[in-house]
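The values are calculated or read from the model by the stated rules, or taken from the named source; none is laboratory data. Note that the structure is a prediction, hence the values are computed from the model and not measured. As a convention, Cβ positions derive from the backbone with ideal geometry for all residues, glycine included, and neighbour counts pool all protein chains shown.
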Amino acid sequence: MNRLVLIGGIGAALMGVAVLAFGSGSAEADRVTLRPDHTETVALGAEVYAAQCASCHGVNLEGQPDWRSPGEDGRLPAPPHDASGHTWHHDGDTLFRLTKFGTGALIGDPDYESNMPVYEGVLTDDEIIAVLSYIKSTWPDEVRSRHDEIEEQ
């Protein structure tokens with residue numbers, strides 16, 4: 001009996017360690033943690049970005065031309081995600097919520113019209129975090145450091 005309790009306790013402890021080590025991909029936790037230095041996460045993010053994001057935000061994260069001015073439809077073009085854009089000005093939680101739930105939900109205006117799709121039900125939380133981690137992994141060290149400071153606030 002004691003052996004079973006001990007084995008069960010060890011198993012539970014190992015599960016806890018695994019959740020701490022690998023569970024930072026879940027966005028339902030208190031904070032989203034981007035992983036721009038985690039090779040597997042960044043590789044997954046690059047794949048998902050190519051399939052889901054590059055058609056609007058550019059293969060090289062360059063965004064659409066004149067992205068700060070509304071187009072003929074009154075909507076803003078897709079911004080760049082490279083260092084020239086404003087993505088890095090937002091913390092991971094904000095970027096995650098914008099991607100998963102859309103701009104309208106983020107700003108509290110369900111009537112806000114945007115060309116940015118809502119990815120809830122399309123991408124998993126881990127895939128969204130991987131894409132954001134991939135994007136951050138491409139930024140120069142200075143921009144990544146500034147983003148890290150934003151994340152610490």
Check your understanding: Mind checking whether some residue in segment 24-32 is closer than 25 Å to ASP148 by Cα, outside any helix (DSSP H, G or I), in contact (Cβ under 8 Å) with a residue 40 or more places away in the chain and among the polar types (S, T, N, Q)?
Key -> yes
Review point. Looking at VAL143, VAL122, VAL131, VAL118, which is the one that is touching a residue at least 40 places away in the same chain (Cβ under 8 Å), within 27 Å of ASP73 (Cα to Cα) and among the hydrophobic types (A, V, I, L, M, F, W, C)?
Key: VAL122
Point to revise | Output for segment 42-62, where each listed residue is of a type outside the set (A, V, I, L, M, F, W, C) and not in a loop (DSSP other than H, G, I, E, B) | key: GLY45, GLU47, TYR49, GLN52, SER55, HIS57
Review point. Within segment 27-35, is there a residue that is surrounded by fewer than 18 Cβ atoms within 10 Å (Cβ to Cβ), modelled with pLDDT under 95 and over 17 Å from the mean Cα position of the chain (by Cα)?
Key: no
**Study point:** In segment 133-153, the residues that are buried (at least 19 other Cβ atoms within 10 Å of the Cβ) and assigned to a loop (DSSP other than H, G, I, E, B)
**Key:** TRP139
Practice item. Evaluate segment 87-101: report whether one residue or more is free of Cβ contacts under 8 Å to residues at least 24 places away in the same chain, in contact with a strand residue (DSSP E or B) (Cβ under 9 Å, 6 or more places away or on another chain) and not in a loop (DSSP other than H, G, I, E, B). Key: yes
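Can you find even one residue in segment 17-25 that is aromatic (Phe, Trp, Tyr), modelled with pLDDT of 95 or more and surrounded by 11 or more Cβ atoms within 10 Å (Cβ to Cβ)?
No, segment 17-25 has no match at all.
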Check your understanding: Any residue at all in segment 106-113 that is in contact (Cβ under 8 Å) with a residue 24 or more places away in the chain and buried (at least 19 other Cβ atoms within 10 Å of the Cβ)?
Key -> no
Review point. So which of SER84, SER114 ends up being of a type in the set (Gly, Ala, Ser), assigned to a loop (DSSP other than H, G, I, E, B) and at pLDDT below 95?
Key: SER114
